[in-house]
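The values are calculated or read from the model by the stated rules, or taken from the named source; none is laboratory data. Owing to the predicted nature of the structure, the values given are computational and were not obtained by experimental measurement. Don't worry about glycine lacking a Cβ; one is built from the backbone with ideal geometry, like all the others, and counts go over all protein chains shown.
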Amino acid sequence: MQPNFFERVYRLVRQIPRGRVASYGQIAALLGHPRAARTVGWALSALHGDEVADVPWQRVINSAGRISISRADLSADLQRALLEEEGVEFDLRGYVDWRRYGWEGLSLPEIEALWQDRT
């Protein structure tokens, strides 16, 4: 059975290595839904409790290379601090250099392997 969209987002975001970032739109496109960037954001906003520590939500930023989170408990300052702890640098305007820190993503076979039933 295929996981629902939110679970697919979480499984894919878990693949982003430390010190790398991806955009909401990139995650959506890798999942086969290139117009679902907002839904990726909603999925990450829906994380609660232990999921917050399990899914590296901080590694997903907007396509301009900036933080655009809107949760009081997971602030932009926290996201930036977590990324900086991983070695991601921001310029004076608060942008991340995609060429330096952008994640290339996974191949289609690697993505499909994520949906295999985990028992």
- Here is a list of conditions, (1) touching a Ser or Thr at 6+ places or on another chain (Cβ under 8 Å); (2) surrounded by 13 or more Cβ atoms within 10 Å (Cβ to Cβ); (3) without any contact (Cβ under 8 Å) to a residue 40 or more places away in the chain; (4) over 22 Å from Trp115 (Cβ atoms), and Phe5 meets all of them except one; can you say which number that is? (4)
- Only residues that are touching a residue at least 40 places away in the same chain (Cβ under 8 Å), part of a helix (DSSP H, G or I) and touching a helix residue (DSSP H, G or I) at 6+ places or on another chain (Cβ under 8 Å): list them for the stretch 25-53, please. Leu30, Glu51
- Under the condition of being among the aliphatic types (A, V, I, L, M) and loosely packed, with under 13 Cβ neighbours inside 10 Å, which residue from the stretch 65-113 is modelled with the lowest pLDDT? Ala72
- Message: Condition first: within 17 Å of the chain's Cα centre (by Cα), among the small types (Gly, Ala, Ser) and in a helix (DSSP H, G or I). Can you find one or more residues in the stretch 91-114 that meet it?
- Response: no
- Task: Test Arg66 against the criterion of being within 13 Å of the chain's Cα centre (by Cα) and either outside any loop (DSSP other than H, G, I, E, B) or within 26 Å of Gly32 (Cβ to Cβ) (or both), and give yes or no.
- Result: yes
- Within the stretch 54-63, track down each residue that is under 14 Å from Ser23 (Cβ atoms) and in a helix (DSSP H, G or I). Trp57, Gln58, Arg59
